[in-house]
């Protein structure tokens, strides 16, 4: 489970407006919204706010706008991280496939030469 330790959500400190706030389950919330594939930013902000509230985080109505802005920025960073991680996995897979093909080719030439 992303963002958890021993099955419990981790608290992440983020800057909201001019203050810092501890958010319980932030990474899980980001992941939960990410896997939906939603691209509308207003919907993403609302879903993220709902997600962190589900983890028991209190957000005052007067602070919702600041939270949404901050959560969207965190979400953008999360998406970028996921894209980079996916790209790294693809590169590693290609490198491993190339190494396996080279190994097979060497074996074939050794067998052929015998």
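The values are calculated or read from the model by the stated rules, or taken from the named source; none is laboratory data. Owing to the predicted nature of the structure, the values given are computational and were not obtained by experimental measurement. Glycine gets a Cβ as well: all are built from the backbone with ideal geometry, and neighbour counts include every protein chain shown.
Descriptive notes on the structure:
- Looking across the range 16-26, the residues that are out of contact with any helix residue (DSSP H, G or I) (no Cβ under 7 Å at 6 or more places or on another chain) and either surrounded by fewer than 16 Cβ atoms within 10 Å (Cβ to Cβ) or modelled with pLDDT under 95 (or both) come down to 18, 19, 20, 22.
- Filter pass, residue 4 being out of contact with any strand residue (DSSP E or B) (no Cβ under 6 Å at 6 or more places or on another chain) and either modelled with pLDDT of 95 or more or surrounded by 14 or more Cβ atoms within 10 Å (Cβ to Cβ) (or both): no
- Residue satisfying all of: in the range 27-67; in contact (Cβ under 8 Å) with a residue 24 or more places away in the chain and not in a helix (DSSP H, G or I); surrounded by the fewest Cβ atoms within 10 Å (Cβ to Cβ) among these: 56
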